[in-house]
Number of protein chains: 2
Amino acid sequence: MQALPARTFTARVEGTYVAEGRAVESTPRDALILTYSGVAGDRHEGLVRHSGPREPWYPRGTPMRNERQVSILGLEELAEIAATLGIAHLDPAWIGANLCLSGVPDLTRLPPRTLLLFSSGVTLRIDGDNDPCRKSGAAIASHIPDLQFAFVKAARDKRGLVGWVEREGVIRPGDEVKIRTWRQTIP
Amino acid sequence: MQALPARTFTARVEGTYVAEGRAVESTPRDALILTYSGVAGDRHEGLVRHSGPREPWYPRGTPMRNERQVSILGLEELAEIAATLGIAHLDPAWIGANLCLSGVPDLTRLPPRTLLLFSSGVTLRIDGDNDPCRKSGAAIASHIPDLQFAFVKAARDKRGLVGWVEREGVIRPGDEVKIRTWRQTIP
């Protein structure tokens, strides 16, 4: 059995966003208010959510606890996706980010259970990596046409993380984040 | 980058237990009632818990969401620990199990985010492996003297999993469990 030790990283909050209404896109905000239900005012807010196509093992619409409260993107990975697509800039708001962080090049590869400890006292616990879906591809294409399917391919393993609120509070751009992974055993 | 594919296993519920009061030990029950708050009547029940020595990054007693609602042990791993300790039997109730499962030899090594889909409709989502602490060693030693420290060593990577309730319902001995891990990327 192989075991990887716990690791720590330091990152910085570059942007905070709330997705209002039913659209994929989010809107920049000066701060995020986080409760055990998630991001206040965001379409993904809730202790419980209804299952969708990501959970084919449940009938569509089954109530389940919401492990996907917050969407977290990496500035470096967004730049990589943009370079692959041949565009100058990929705005985290276009694909519904709540947080954009800098300082962790392979953010999406941080393992499930990873802790994001924000300088304000908020903690997010990572459920895992996000999948680049066609909806986010379509949202991109509304800004730069014809990129829908190219985005899904280019964003593979760079689409960021989802997680839930372990400690409540407020997050603002400029806040520092200590990131802590756990010891991993590999089969 | 290395990637491990998603895997599936089938297991069976061998026993269900509730830890009442403040002791480590749990008591066998005919069924467990699971809500989003955890195991009804168990000392670990709650949407929120207070931090302890497992979270040295928080002041002791800090409110945090409870990701440790349910303790899950593997029958095969318990037998391995008992063999190492030279005892005939290690009762899952002695160390506070809520569930004992059979059919997955390396249960403790299932990664964070793994889903346990019970035939009754309940789902548990795994936070991660449990650490063999001195408290559980002391609980063992109350049944078979002098095993406190030996247990902590023998139970390393065999102490089972902790997780939380994704779908509510009832679990009974004899229920089948479909286990699903996620695709993992290894740094």
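The values are calculated or read from the model by the stated rules, or taken from the named source; none is laboratory data. These numbers come from a predicted model, not from an experiment. Cβ placement follows ideal geometry from the backbone for every residue including glycine, while neighbour counts extend to all protein chains displayed. Heads up: the accessible areas ignore ligands, DNA and RNA and are worked out on the full protein's heavy atoms, side chains in. Shrake-Rupley method; radii C 1.70, N 1.55, O 1.52, S 1.80 Å.
When the alpha-carbon atoms of segment A:118-158 are used, the pair Rg, Dmax equals 14.2, 42 angstrom. Taking Cα centre as origin and charging only the Cβ of basic (Lys, Arg, +1) and acidic (Asp, Glu, -1) residues, the dipole magnitude of segment A:100-141 rounds to 80 debye. With viscosity 1.002 mPa s and temperature 20 °C, the Kirkwood radius over alpha carbon pairs of segment A:146-185 converts through Stokes-Einstein to a diffusion coefficient of 152 µm²/s.
So how strong a dipole does the protein assembly as shown carry about its Cα centre when Lys and Arg Cβ are +1 and Asp and Glu Cβ are -1, to the nearest 20 debye? With Lys and Arg at +1 and Asp and Glu at -1, about 120 debye. With an a/c value of 1.5 or above and a/b not larger than b/c for the gyration tensor axes a ≥ b ≥ c computed over the alpha-carbon atoms, segment B:110-187 is described as oblate.
Decide, for segment A:1-72, between rounded, prolate and oblate: order the square roots of the alpha carbon gyration tensor eigenvalues as a ≥ b ≥ c, take rounded if a/c falls under 1.5, and otherwise choose prolate if a/b is larger than b/c, else oblate. Before the final figure, lay out the partial values.
Details: a/c = 2.25, a/b = 1.07, b/c = 2.11.
Oblate, since a/c reaches 1.5 and b/c is not below a/b.
These residues, A:Thr8, A:Thr114, B:Thr10, go from largest to smallest accessible area, 1.4 Å probe, as A:Thr8, B:Thr10, A:Thr114. With viscosity 1.567 mPa s and temperature 4 °C, the Kirkwood radius over alpha carbon pairs of segment A:33-108 converts through Stokes-Einstein to a diffusion coefficient of 91 µm²/s. For A:Lys158, list the lysines whose Cα falls under 17 Å from its own Cα; do not include residues on the same chain fewer than 8 positions away. Hits, sequence-local ones excluded: A:Lys135. Per residue of the protein assembly as shown, the DSSP helices (runs of n ≥ 4 H) give a summed -39500 (n - 2.57) that works out to -4000 deg cm²/dmol at 222 nm. Computed over neighbours whose Cβ is under 14 Å from that of A:Arg7, the net charge equals +4, Lys and Arg +1, Asp and Glu -1. The residues packed around A:Asp146, meaning those with a beta-carbon under 15 Å from its beta-carbon, carry a net charge of +2 if Lys and Arg are +1 and Asp and Glu are -1. Here the protein assembly as shown was treated as a single set of alpha-carbon atoms; its pair distances binned every 10 Å from 0 give 5, 23, 32, 24, 12, 4, 1, 0 percent. Charged neighbours of A:Gly41, selected by a Cβ distance under 11 Å, balance to -1 (K, R count +1; D, E count -1).
Can you give the percent of C-alpha pairs in segment B:81-122 whose distance is more than 14 Å?
When all Cα pairs of segment B:81-122 are counted, 66 percent exceed 14 Å.
Extension gain for B:Val48-B:Asp30 works out to 3.8 nm (0.36 nm per residue, less the C-alpha to C-alpha distance). The accessible-area loss of segment A:56-90 on complex formation, taken against its chain alone with a 1.4 Å probe, reaches 40 Å² or more at A:Trp57, A:Tyr58, A:Arg65.
Semi-axes of the equivalent ellipsoid for segment B:68-143, computed as √(5λ) from the eigenvalues of its C-alpha gyration tensor and ordered from largest down, come to 23, 14, 12 Å. Mind grabbing the base-10 log of I(q)/I(0) for chain A at q = 0.11, 0.17, 0.18, 0.19 Å⁻¹? Debye formula, identical points on the C-alpha positions, no solvent, two decimal places. Listed by q, the Debye log ratios stand at -0.47, -1.14, -1.26, -1.38.
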